[in-house]
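Chemist: Here it is, the structure, as structure tokens.
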Protein chains: 2
Amino acid sequence: MTKPLAALIALSLAAPAFANTPSPRPTLEQAADNALGGDVHAWDFVEGITTEVGQRQAGTEAEARGRAWAAEWLRRKGFQNIAIEPFMMSTWVPGEPGKAEIVSPFPQSFAIAPLGDTASTGPDGITAEVVMFKTVADLVAAPEGSLKGKIAFVSNTMTRTQDGSQYGFAGPTRWVASGIAASKGAVATVIKSVGTDSHRNPHTGGTDFPEGVKPTPAGALSNPDAANLERMFRRADGKPITMKLVLTPRFLGETESGNVVGEIVGRNPTLPPVLLACHLDSWWNGTGAIDDGAGCGIIAAAARNVSVVGQPLRTIRVLFAGAEEVGLFGSVAYSKAHIDEPIAVGLESDFGADRIWRFDSNFRTSNPALHKKIAAAVVRFGVSSGTDVAGGGADLNIVRDQKGALVDLQQDGTRYFDLHHTPDDTLDKIDPVQLRQNVAVWTQVVGILANEETAILTGTPVPAAPPIMGAK
Amino acid sequence: MTKPLAALIALSLAAPAFANTPSPRPTLEQAADNALGGDVHAWDFVEGITTEVGQRQAGTEAEARGRAWAAEWLRRKGFQNIAIEPFMMSTWVPGEPGKAEIVSPFPQSFAIAPLGDTASTGPDGITAEVVMFKTVADLVAAPEGSLKGKIAFVSNTMTRTQDGSQYGFAGPTRWVASGIAASKGAVATVIKSVGTDSHRNPHTGGTDFPEGVKPTPAGALSNPDAANLERMFRRADGKPITMKLVLTPRFLGETESGNVVGEIVGRNPTLPPVLLACHLDSWWNGTGAIDDGAGCGIIAAAARNVSVVGQPLRTIRVLFAGAEEVGLFGSVAYSKAHIDEPIAVGLESDFGADRIWRFDSNFRTSNPALHKKIAAAVVRFGVSSGTDVAGGGADLNIVRDQKGALVDLQQDGTRYFDLHHTPDDTLDKIDPVQLRQNVAVWTQVVGILANEETAILTGTPVPAAPPIMGAK
């Protein structure tokens with residue numbers, strides 16, 4: 001049925017004057033507000049990569065599938081100069097699902113995940129008495145050789161913080177405890193997960209062994225299991241607690257990883273570009289949704305939204321780094337390859353997908369006008385201006401190496417360490433409303449930076465860009 | 001340092017008059033209020049059994065350790081007539097951790113758990129195309145033979161309800177879908193977990209195959225994984241989705257399980273006793289904290305609290321049933337063995353450890369005075385009186401077989417199906433404050449029932465109890 005004539009007239013009267021002309025380009029503010037109302041691109045990225053690729057352990061074929069997928073996604077979204085920049089890395093894989101069984105006095109099984117770069121127990125496992133330390137400091141205080149033949153258990157607890165600062169406090173349990181225990185003779189180490197949830201999902205992550213200390217097997221128990229083991233010590237009346245551990249990670253040798261880059265080319269491509277970073281790889285046990293599929297979606301969505309406003313003055317380059325989790329291999333490789341190409345400013349999204357609550361830069365004192373301009377522009381999204389000096393994310397080595405400008409858009413990390421490095425890092429954990437706020441804030445900030453005519457770190461007039469390597 | 005004299009005088013003046021005489025017995029109301037202020041026994045039970053025993057899959061040596069542990073706990077708490085009553089059962093065990101891998105078009109691994117009484121794929125697994133059904137009704141509507149060689153996937157979603165009523169709506173996905181799919185030729189079935197959380201912890205549980213339908217392999221995907229598989233169907237553009245399943249459960253044949261009983265003997269042990277039930281077994285993947293260690297702790301704590309008030313008129317019997325999860329074997333065995341011993345009233349705790357919010361009985365119309373008395377006594381704990389007819393818990397077959405009196409103390413089940421039959425059924429999920437409210441309400445109600453002089457179902461004077469079997 002067609003509409004009655006009266007209705008058609010009413011409709012035409014109500015329509016805006018430009019209804020039949022092309023939509024005008026939005027202003028930057030409108031583009032940011034539009035993202036708040038309904039992001040399309042960031043969700044599409046993170047839904048797509050978690051569904052069509054899933055986990056992307058660094059150096060594996062899954063990570064390679066992730067690179068191909070991401071490059072194709074950038075192509076579909078209209079990015080230019082898309083490239084995969086490969087590099088070689090020493091690749092560790094987790095092996096079969098780990099087992100941690102209490103043999104006596106209270107037989108039961110715990111959920112465990114091996115830590116990155118640790119050794120295998122072999123398929124038959126190792127069985128030894130467990131010695132408990134409440135903190136890394138207690139472990140450090142243990143006499144040399146006192147752990148000979150034992151499994152060390154470090155039960156340090158992590159609590160939630162909005163800014164993630166407790167990661168620095170609790171992280172050493174994972175980063176250094178197994179190395180310290182090994183140096184005192186331990187045959188293996190188990191830790192309470194460096195995580196703030198209470199689910200049977202262990203938090204994996206990287207660990208380091210000091211020079212000259214042979215890596216041992218080491219794994220993270222889920223928090224409920226670690227709490228159970230603590231209770232066992234209270235209930236065992238001094239009887240030894242014996243655990244059988246089966247962890248079978250292995251090194252594959254040198255394999256290929258890579259970074260994916262793409263650009264929104266600026267009106268003046270000789271000016272140093274704005275670099276937006278995230279990482280593509282994830283630990284094997286999750287799907288890399290909050291860490292860091294969301295981050296890649298946010299930065300790419302912001303770059304694309306800015307392009308809708310009009311071609312920016314500066315090129316916006318996105319860097320989807322490879323192999324971040326296992327030692328920043330992608331960040332190091334990118335800096336090495338591109339160190340002679342100045343970056344105007346670097347920003348990274350790698351702390352989940354919850355609301356941005358604070359803006360920091362490292363040019364608050366050297367370029368106060370720009371800092372204030374950005375601060376004023378993000379107030380309407382509930383973002384305060386901080387006085388911390390921005391340090392940049394893990395994949396911004398190049399900017400730190402160049403001593404360049406950095407902006408940190410601080411996300412609310414209250415939930416982040418519930419999910420970090422666990423099987424639970426899945427799409428359902430992303431709140432679409434908070435994700436949109438991220439995209440809106442990023443759109444606003446990147447739009448300002450990409451159209452900035454002076455040097456961002458100092459506010460001084462921009463000198464002619466040095467020639468790009470190989471462009472002569 | 002000793003206290004100055006003035007302080008000692010002040011202390012002695014402040015002390016109550018009976019400070020140096022034995023505490024008088026509390027009233028029932030005081031005993032219940034004391035439990036609210038600080039339960040000792042229920043937490044001790046559930047902490048102990050989850051720490052010292054852990055999972056207690058029916059028919060296994062772990063369940064046997066659970067019986068021995070529970071009987072010893074009852075002994076330490078002063079229960080009498082403690083007995084383990086063994087029975088034989090057909091025992092199913094889950095085998096190695098299950099695997100569910102999408103082979104194409106989007107290779108990745110899902111978290112899966114086999115369902116009870118299902119078959120093995122063999123260690124090499126089976127690989128087949130997946131066919132998705134949104135509901136069991138859609139599966140029922142599939143033509144006969146249409147699933148030949150396929151894996152059926154039923155993606156019905158469960159939502160939270162306070163009274164747990166959605167279990168009846170969502171449960172058939174687990175209870176009957178694999179049987180229906182098998183009858184239409186499916187080689188295996190995977191379901192979205194019958195559970196309300198969003199963690200990578202699949203919800204296992206029992207399943208039934210109709211007479212004449214050979215059991216197939218079947219498993220529950222975690223909810224995030226099931227959601228991922230649904231997204232794959234939307235993104236696959238009609239391309240077939242192929243899954244490799246490895247599930248290796250097996251039947252051990254007939255093994256021993258058993259019930260554990262204990263009593264607070266009443267002043268008149270010829271009167272029918274009050275029967276308090278729970279179950280000792282758990283699924284293998286969790287530790288049986290909310291299902292149902294907490295329940296056993298609550299009922300035993302209540303019985304003991306009532307005994308502190310003074311010897312009750314009627315005997316209070318606790319029944320820690322075996323093998324509930326896998327088919328109510330303990331409930332059936334108990335009824336068969338004791339059917340000729342009348343029970344005055346039965347109550348069960350088997351719905352977690354969250355707050356009791358409603359009281360139901362099946363004697364509201366036949367014995368309104370008692371129903372009202374109980375209702376009035378629990379109001380101060382925030383418990384309303386319901387009009388539903390109490391049906392009793394799973395382990396109260398004997399009371400239903402005797403057409404006896406039943407009381408249901410309805411717990412808040414809002415969180416229950418987040419945890420039900422998952423690895424996450426661990427001690428940390430129990431809120432000690434809500435657990436205490438359970439013990440307080442149970443103490444109050446059991447204290448009333450165990451001192452009731454008339455028949456509980458009808459309020460009529462109690463006839464002489466028939467002779468107890470074998471007591472002549």
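The values are calculated or read from the model by the stated rules, or taken from the named source; none is laboratory data. Values in this document were obtained by computation on a predicted structure and should not be read as measured data. Glycine gets a Cβ as well: all are built from the backbone with ideal geometry, and neighbour counts include every protein chain shown.
Chemist: Within region A:58-103, which residues are outside any strand (DSSP E or B) and among the charged types (D, E, K, R)? Give the steps one after another, and end with the answer.
Modeler: In the first step, residues of region A:58-103 are kept if they are outside any strand (DSSP E or B); the result is A:58-79, A:94-98.
Residues satisfying the conditions are A:Glu61, A:Glu63, A:Arg65, A:Arg67, A:Glu72, A:Arg75, A:Arg76, A:Lys77, A:Glu96.
Chemist: Next question. Is it the case that A:Gly392 is crowded, with 19+ Cβ neighbours inside 10 Å, at positive phi and not basic (Lys, Arg)? If you could, list the steps in order and put the result at the bottom.
Modeler: On the way: crowded, with 19+ Cβ neighbours inside 10 Å: yes; at positive phi: yes; not basic (Lys, Arg): yes.
Considered against the rule, which asks whether it is crowded, with 19+ Cβ neighbours inside 10 Å, at positive phi and not basic (Lys, Arg), A:Gly392 comes out as yes.
Chemist: Does A:Val274 satisfy the criteria of being surrounded by 16 or more Cβ atoms within 10 Å (Cβ to Cβ) and in contact with a helix residue (DSSP H, G or I) (Cβ under 6 Å, 6 or more places away or on another chain)? Don't jump to the end; show me each part of the working.
Modeler: Numbers: surrounded by 16 or more Cβ atoms within 10 Å (Cβ to Cβ): yes; in contact with a helix residue (DSSP H, G or I) (Cβ under 6 Å, 6 or more places away or on another chain): yes.
Taking the combined requirement at face value, the residue satisfies it.
Chemist: Okay, next question. Of all residues in region A:242-255, how many are surrounded by 20 or more Cβ atoms within 10 Å (Cβ to Cβ) and hydrophobic (A, V, I, L, M, F, W, C)?
Modeler: Looking only at that region, the number is 4.
Chemist: From the residues in region A:35-68 that are out of contact with any helix residue (DSSP H, G or I) (no Cβ under 8 Å at 6 or more places or on another chain), touching a residue at least 60 places away in the same chain (Cβ under 8 Å) and of a type in the set (D, E, K, R), which one is nearest to the other protein chains (Cβ to nearest Cβ)?
Modeler: My answer is A:Glu63.
Chemist: When region B:272-291 is examined, which residues are found to be among the aliphatic types (A, V, I, L, M) and part of a loop (DSSP other than H, G, I, E, B)? Break it down stepwise before answering.
Modeler: Going through region B:272-291, the residues among the aliphatic types (A, V, I, L, M) turn out to be B:274-277, B:280, B:289-290.
Residue satisfying the conditions is B:Leu280 alone.
Chemist: May I pose another question? Among the residues of region B:104-118, write down those that are in a loop (DSSP other than H, G, I, E, B) and under 25 Å from the mean Cα position of the chain (by Cα).
Modeler: B:Ala111, B:Leu115, B:Asp117, B:Thr118
Chemist: Here are the criteria: (1) part of a helix (DSSP H, G or I); (2) at pLDDT below 95. Tell me which single one A:Gly470 does not satisfy.
Modeler: For A:Gly470, the failing item is (1).
Chemist: Given the conditions (1) of a type outside the set (Gly, Ala, Ser); (2) out of contact with any Ser or Thr (no Cβ under 9 Å at 6 or more places or on another chain); (3) within 14 Å of another protein chain (Cβ to nearest Cβ), which single one is not true for A:Lys214?
Modeler: Evaluating A:Lys214 over (1) of a type outside the set (Gly, Ala, Ser); (2) out of contact with any Ser or Thr (no Cβ under 9 Å at 6 or more places or on another chain); (3) within 14 Å of another protein chain (Cβ to nearest Cβ) leaves (3) as the failure.
Chemist: Test B:Asp197 against the criterion of being surrounded by fewer than 24 Cβ atoms within 10 Å (Cβ to Cβ), in a loop (DSSP other than H, G, I, E, B), within 14 Å of chain A (Cβ to nearest Cβ) and not aromatic (Phe, Trp, Tyr), and give yes or no. Give the derivation first.
Modeler: Values: surrounded by fewer than 24 Cβ atoms within 10 Å (Cβ to Cβ): yes; in a loop (DSSP other than H, G, I, E, B): yes; within 14 Å of chain A (Cβ to nearest Cβ): yes; not aromatic (Phe, Trp, Tyr): yes.
Judged against the criteria, B:Asp197 is a match.
Chemist: Let me ask another. Out of all the residues in region A:123-156, which are free of Cβ contacts under 8 Å to residues at least 60 places away in the same chain, within 23 Å of A:Arg231 (Cβ to Cβ) and surrounded by fewer than 18 Cβ atoms within 10 Å (Cβ to Cβ)? First the steps, then the outcome.
Modeler: First, pick out the residues of region A:123-156 that are free of Cβ contacts under 8 Å to residues at least 60 places away in the same chain: A:131, A:133-150, A:152, A:154, A:156.
The next check asks that each one be within 23 Å of A:Arg231 (Cβ to Cβ); those that pass are A:131, A:133-139, A:142, A:147, A:150, A:152, A:154, A:156.
Of everything in region A:123-156, those that are free of Cβ contacts under 8 Å to residues at least 60 places away in the same chain, within 23 Å of A:Arg231 (Cβ to Cβ) and surrounded by fewer than 18 Cβ atoms within 10 Å (Cβ to Cβ) turn out to be A:Lys134, A:Thr135, A:Ala137, A:Asp138.
Chemist: Continuing with this model, one more query. Looking at A:Pro432, A:Pro423, can you tell me which residue is crowded, with 24+ Cβ neighbours inside 10 Å and within 26 Å of A:Asn285 (Cβ to Cβ)? So that I can check it myself, show each step before the final result.
Modeler: On the way: A:Pro432 fails: crowded, with 24+ Cβ neighbours inside 10 Å.
Of the residues listed, the single one that is crowded, with 24+ Cβ neighbours inside 10 Å and within 26 Å of A:Asn285 (Cβ to Cβ) is A:Pro423.
Chemist: Can you list residue pairs whose Cβ atoms sit under 6 Å apart, with the first residue in region B:88-113 being within 12 Å of chain A (Cβ to nearest Cβ) and the second being in a loop (DSSP other than H, G, I, E, B) and surrounded by fewer than 21 Cβ atoms within 10 Å (Cβ to Cβ)? Count only pairs 6 or more apart in sequence or on different chains.
Modeler: As it stands, the answer is B:Glu96/B:Thr248; B:Pro97/A:Pro97; B:Pro105/B:Ala236; B:Pro105/B:Lys239, since those pairs meet every condition given.
Chemist: OK, next. Among the strands (runs of 3 or more DSSP E) contained in region B:292-411, which hold 2 or more residues that are acidic (Asp, Glu) and touching a helix residue (DSSP H, G or I) at 6+ places or on another chain (Cβ under 6 Å)? Give the steps one after another, and end with the answer.
Modeler: Details: elements: B:316-321, B:345-348, B:356-361, B:384-389, B:405-411.
Qualifying strands (runs of 3 or more DSSP E): none found.
Chemist: Hey, does region B:165-180 have a residue that's of a type outside the set (Lys, Arg), within 14 Å of chain A (Cβ to nearest Cβ) and either within 23 Å of B:Val93 (Cβ to Cβ) or touching a Phe, Trp or Tyr at 6+ places or on another chain (Cβ under 8 Å) (or both)?
Modeler: So far as region B:165-180 goes, no, none of its residues is of a type outside the set (Lys, Arg), within 14 Å of chain A (Cβ to nearest Cβ) and either within 23 Å of B:Val93 (Cβ to Cβ) or touching a Phe, Trp or Tyr at 6+ places or on another chain (Cβ under 8 Å) (or both).
Chemist: Okay, moving on. Restricting attention to region A:219-246, report how many residues are under 19 Å from A:Gly116 (Cα atoms) and part of a strand (DSSP E or B).
Modeler: 5
Chemist: Additional query: Go through region A:171-194 and give me each residue that's surrounded by fewer than 22 Cβ atoms within 10 Å (Cβ to Cβ) and within 22 Å of the chain's Cα centre (by Cα).
Modeler: Selection gives A:Gly171, A:Pro172, A:Trp175, A:Val176.
Chemist: Return the residue satisfying two criteria in turn: it lies in region B:263-296 and is of a type in the set (Gly, Ala, Ser) and under 18 Å from B:Leu419 (Cα atoms), and of such residues it is farthest from the other protein chains (Cβ to nearest Cβ).
Modeler: Applying the first criterion (of a type in the set (Gly, Ala, Ser)) to region B:263-296 yields B:266, B:277, B:282, B:286, B:288-289, B:293-295.
After this cut, where a residue has to be under 18 Å from B:Leu419 (Cα atoms) as well, the list is B:282, B:286, B:288-289, B:293-295.
Working: B:Ser282: 11, B:Gly286: 8, B:Gly288: 11, B:Ala289: 9, B:Gly293: 13, B:Ala294: 15, B:Gly295: 19 Å.
Step by step, filter region B:263-296, then rank; the result is B:Gly295.
Chemist: Can you say whether B:Phe329 is buried (at least 23 other Cβ atoms within 10 Å of the Cβ) and under 11 Å from the mean Cα position of the chain (by Cα), as far as the supplied structure shows?
Modeler: Working: buried (at least 23 other Cβ atoms within 10 Å of the Cβ): yes; under 11 Å from the mean Cα position of the chain (by Cα): no.
Answer is no for this residue.
Chemist: From the set of residues in region A:31-57 that are part of a helix (DSSP H, G or I) and in contact with a Ser or Thr (Cβ under 6 Å, 6 or more places away or on another chain), which is nearest to A:Ala377 (Cα to Cα)? Working first, answer last.
Modeler: To start, the set of residues in region A:31-57 that are part of a helix (DSSP H, G or I) comprises A:31-38, A:41-52.
Restricting the remaining residues to those that are in contact with a Ser or Thr (Cβ under 6 Å, 6 or more places away or on another chain) gives A:31-32, A:35, A:50.
Details: A:Ala31: 13, A:Ala32: 10, A:Ala35: 15, A:Thr50: 32 Å.
The residue in question is A:Ala32.
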